[in-house]
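Accompanying notes for the structure given below.
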Amino acid sequence: MFGPDYTAGCPSCSAIADGFDGSVVHLENHDVAFSAVSRAPLAKLQAYKQRMGWSFPWASSRDSDFNFDFNVSFSEEQQREGTVDYNYQRGGHALDMTPVPEPVAKLAAMCGTDAPTYARDRPGLSAFVREDGVVYHTYSTYVRGLDGVWGMYQWLDRAPKGRNETGVWLRRHDEYDKG
């Protein structure tokens, strides 16, 4: 949602995160903890969280391999060598294409970075359980697997014209009046 070299969070990921606050209290009352994790420094995450009016827990994995371990962050070397494994496959994702598709370039620019830098941090969701002091990874999903937690899409999918998407239409919720 927010790579270390971004100047703002990803608009697409931010739209997903807009729905987190309402779910956290329900999750907590079912013995489920929730936290978003991004590689940007914590100060950047906290400032963006304040801008967006969010209250959910958000951690920085800046000085760890966490995002790399779950295949949502990649190195420049992986990009150069074509060894990015994302969404259970190597390459083939729009973020890996050369030349970069226009929507990817536009989203990167909206994050204040270039397409290769933008493509090094990608969306994913993972679940874990702690039993007898041991943490187990139980689930991960990526890209369209996240649609289920993207509350706005659930509404649009039921609207008369569906998602009615053309190009990069998303904005951060505080930017819609800005065109």
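The values are calculated or read from the model by the stated rules, or taken from the named source; none is laboratory data. Please read these numbers as outputs of a predicted model, since none were measured by experiment. Cβ sites come from the backbone with ideal geometry, for glycine too, and all protein chains shown count toward neighbours. To get the accessible areas, we keep the full protein, side chains included, count just its heavy atoms, and leave off ligands, DNA and RNA. Shrake-Rupley method; radii C 1.70, N 1.55, O 1.52, S 1.80 Å.
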Quick one: how many residues across the range 1-32 are open to solvent by 40 Å² or more (accessible area, probe 1.4 Å), closer than 17 Å to A43 by Cα and either without any contact (Cβ under 8 Å) to a residue 60 or more places away in the chain or touching a helix residue (DSSP H, G or I) at 6+ places or on another chain (Cβ under 8 Å) (or both)?
-> 1
May I ask you to list the residues in the range 68-113 that are free of Cβ contacts under 8 Å to residues at least 12 places away in the same chain, hydroxyl-bearing (S, T, Y) and open to solvent by less than 50 Å² (accessible area, probe 1.4 Å)?
-> T83
Kindly indicate which of R172, R130 is of a type in the set (K, R), within 23 Å of V37 (Cβ to Cβ) and assigned to a loop (DSSP other than H, G, I, E, B).
-> R172
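Residues checked against (1) within 19 Å of the chain's Cα centre (by Cα); (2) closer than 24 Å to D69 by Cβ; (3) of a type in the set (S, T, Y):
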| position | (1), (2), (3) |
| --- | --- |
| P99 | no, no, no |
| P103 | yes, no, no |
| A109 | yes, no, no |
| T113 | yes, yes, yes |
| Y118 | yes, yes, yes |
| G124 | yes, yes, no |
| A127 | yes, yes, no |
| E131 | no, yes, no |
| V135 | no, yes, no |
So, in the range 127-174, of the ones that are hydroxyl-bearing (S, T, Y) and touching a Gly at 6+ places or on another chain (Cβ under 8 Å), which residue ends up nearest to F2 (Cα to Cα)?
-> Y142
Test set (1) out of contact with any Phe, Trp or Tyr (no Cβ under 6 Å at 6 or more places or on another chain); (2) closer than 19 Å to C10 by Cβ; (3) open to solvent by 50 Å² or more (accessible area, probe 1.4 Å) - N164 fails condition number | (2)
Filter the range 131-157 for residues that are open to solvent by 60 Å² or more (accessible area, probe 1.4 Å), at pLDDT 95 or above and of a type outside the set (S, T, N, Q) and give the result.
-> E131, D132, G133, V134, V135, Y136, H137, Y139
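Is it the case that the range 160-168 has a residue that's outside any loop (DSSP other than H, G, I, E, B) and either at pLDDT below 95 or farther than 22 Å from R80 by Cβ (or both)?
The first filter runs over the range 160-168 and keeps only residues outside any loop (DSSP other than H, G, I, E, B), leaving none.
Looking through the range 160-168, none of the residues is outside any loop (DSSP other than H, G, I, E, B) and either at pLDDT below 95 or farther than 22 Å from R80 by Cβ (or both).
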Matching option when the condition is farther than 12 Å from D121 by Cβ, among the small types (G, A, S) and at pLDDT 95 or above, among S55, S73 | S55
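When the residues of the range 58-67 are filtered to those that are of a type outside the set (G, A, S) and in contact (Cβ under 8 Å) with a residue 24 or more places away in the chain, which remaining residue is nearest to T141 (Cα to Cα)?
To start, the set of residues in the range 58-67 that are of a type outside the set (G, A, S) comprises 58, 62-63, 65-67.
If we keep only those that are in contact (Cβ under 8 Å) with a residue 24 or more places away in the chain as well, we get 62, 66-67.
Values: R62: 21, F66: 15, N67: 13 Å.
Ranking the candidates gives N67 first.
Could you list all residues from the range 33-46 that are small (G, A, S) and surrounded by 13 or more Cβ atoms within 10 Å (Cβ to Cβ)?
Step one: filter the range 33-46 for residues small (G, A, S), giving 33, 35-36, 38, 40, 43.
Answer for the range 33-46, where residues must be small (G, A, S) and surrounded by 13 or more Cβ atoms within 10 Å (Cβ to Cβ): A36, S38, A40.
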